1. Search region 298-323 for residues being over 18 Å from the mean Cα position of the chain (by Cα) and small (Gly, Ala, Ser), and hand back the single one that is surrounded by the most Cβ atoms within 10 Å (Cβ to Cβ).
2. If residue 275 satisfies all but one of (1) buried (at least 24 other Cβ atoms within 10 Å of the Cβ); (2) under 30 Å from residue 128 (Cβ atoms), what's the number of the condition it fails?
3. Given the conditions (1) away from the ligand (no atom under 15 Å from the Cβ); (2) over 24 Å from residue 350 (Cα atoms), report the number of the one that residue 431 does not fulfil.
4. Residues that are in contact with a His (Cβ under 9 Å, 6 or more places away or on another chain): list the strands (runs of 3 or more DSSP E) wholly contained in region 59-172 that include at least 2 such residues.
5. Cβ-Cβ under 7 Å, sequence separation 6+ or interchain: first residue in region 61-78 and charged (D, E, K, R), partner at pLDDT below 95 and within 9 Å of the ligand (Cβ to nearest atom). Which pairs?
6. Just to be sure I understand the filter: pairs with C-beta atoms under 7 Å, separated by 6 or more residues or on different chains, first member in region 393-407 and under 15 Å from residue 376 (Cα atoms) and modelled with pLDDT of 95 or more, second member more than 13 Å from the ligand (Cβ to nearest atom) and aliphatic (A, V, I, L, M). Which pairs pass?
7. Could you tell me whether region 216-228 includes any residue that is over 30 Å from residue 268 (Cα atoms), in a loop (DSSP other than H, G, I, E, B) and free of Cβ contacts under 8 Å to residues at least 24 places away in the same chain?
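The values are calculated or read from the model by the stated rules, or taken from the named source; none is laboratory data. Keep in mind the model is a prediction, meaning the values are calculated, not measured. For neighbour counting, all protein chains shown are included, and Cβ atoms are generated from backbone atoms with ideal geometry for every residue, glycine included.
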Amino acid sequence: MRKYSLLPSLLLLGSLALTTACGSSSSDSSGKQPSSSARPGPSAAATDRGVDPSRIKGLEIVSDNSEHSSCPYATSYPAVPGAEAMTAEMKEDIEERLANFRAAVCDGGTTAVERAELNVSHQFLVASGDVLGVRLTTLDVNTAGDGLMTRTYWYDGKDRDRRSAIDLIADGSTDAFTTALKKQLDGREGIDAASLDDTLADPAARAAALDDMAFTADGGLRVEFDRGEVGVPPAGRFTVTLSKATVTPWLSDFGGRVQRRTAHPSGSLDLGVTAKPEPPVPTHTASKDDPTDCRRVKCVALTFDDGPAAPETATLLTYLAKYKARATFFTVGQNVAAHPELLRAETRAGHEIGNHSWNHPDLTGLSPAQINSQLDRTSAAIKAATGKEPTLFRPPYGAINAKVREATRLSPVLWDVDTEDWKYRDAAKIAQTVIAKTGRNDVVLMHDIHSTSVAAVPEILRTLTARGYRFVTVSHLRAAL
Ligand code: ZN
């Protein structure tokens, strides 16, 4: 019955984003996370708490997603130039989780959970001056998975090193700090006082439990505990917020800077390194209307999911322009926020932009409100980048049911030709699959986050063009059918 016990975790994925987005509680009192009655509703503007990822020079979002409901995983983390030590830590954590998930669910593993899924999404907490903070939120639903886990990662540009959440507190103040936390937790339903004492007394256990701490906009410190870390597992997650007045005397030098930069972010992040020059953004333009008549010529709709990604998407745009090919990009909101300039380049070149959710969850596992949040946030980010709202969406993993259809006005788009390019990172194989399988009016599924998929495109364009195919957007194709 694990499936049912995980439902609150699934709901928390949305409510966590909500509570984080408006995290300005000023008192020391803070209860457990809102229960299943909480409605997720983070707005696109509130997503990264005042951080605009598109202003972080040289930022790359590293994504690794499957597109199969038999093995549904989606992971992402930001790689910020200068913060390589922190990037490596996130990468290592994600790769370990992904390896465990794949072994349990994908690679012949048998999981007792009906709906297995791994989703790791990122949120910027602060990217200002010499401090950088990112939270990774992991939803791991499988036999061995722990449900919802969160962790914050920190980088100190002054000392040029990564920091743990516990490093926000000065060494000499750890005892006072943990005593205050204990006072807040003691007596709450589900707290096991004896094991809480043991956890907070042992340095390794303490650092593991205190791995998610971040400041609220008014200077308070919010501490998040995963399920089972300080309470009995059925009690779920716990949150403690210490007020600014309480916590400020205990902060380390780094903690003090993070607190100030969270409350008063300066415009830009400066980790003391010169970022590589940004890859050039293609400037191709195409007329708004495509004269191709799909009733008279053979049409095909190439679709690229999970982007945009730098530099892969820019390279792809150059290939498409060479053949005057139009395509449809089903973009992921958290990547749109990082690279709106690539969406503008896609739009300029006559391509269509579709919605592929904010962070690639299986939408069939979410509530209608959470489905709306995933799609609306992404549509808002697309509109902010291009001025135009999408009309199409592609459900991650192609997973769709009546609940998902009813929750949105966007029109779903699946596919006819599956390259499985997320699994086979082999340009020649991907090109051969498309060339062998594609027929008239087909929709082809590929992913522009992988350089191997992008590298397959010239051969696809060359061969199918020679066979008389024209490359149109999904909406253009649908209008002709
Ligand atoms: Zn996808």
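1. By that ranking, first place goes to 301.
2. (1)
3. (2)
4. On the way: elements: 60-65, 73-79, 117-128, 131-141, 147-156, 161-163.
So the answer is 60-65, 73-79, 117-128, 131-141.
5. As it stands, the answer is 67/422, since those pairs meet every condition given.
6. Note: pairs meeting the criteria are 393/375; 393/410; 395/404; 404/371; 407/371.
7. Restricting attention to region 216-228, the residues satisfying the condition of being over 30 Å from residue 268 (Cα atoms) are 225-228.
This time we only want the ones that are in a loop (DSSP other than H, G, I, E, B), so: 226-228.
Now narrow it down to the ones that are free of Cβ contacts under 8 Å to residues at least 24 places away in the same chain: none.
No, every residue in region 216-228 fails to be over 30 Å from residue 268 (Cα atoms), in a loop (DSSP other than H, G, I, E, B) and free of Cβ contacts under 8 Å to residues at least 24 places away in the same chain.
For every residue, the table says whether it meets (1) at pLDDT below 95; (2) exposed (fewer than 15 other Cβ atoms within 10 Å of the Cβ); (3) more than 17 Å from residue 235 (Cβ to Cβ); (4) within 31 Å of the chain's Cα centre (by Cα).
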site: 168; (1), (2), (3), (4): no, no, yes, yes
site: 172; (1), (2), (3), (4): no, yes, yes, no
site: 177; (1), (2), (3), (4): no, no, yes, no
site: 180; (1), (2), (3), (4): no, no, yes, no
site: 186; (1), (2), (3), (4): yes, yes, no, no
site: 195; (1), (2), (3), (4): yes, no, no, no
site: 201; (1), (2), (3), (4): yes, yes, yes, no
site: 207; (1), (2), (3), (4): yes, yes, yes, yes
site: 211; (1), (2), (3), (4): no, no, yes, yes
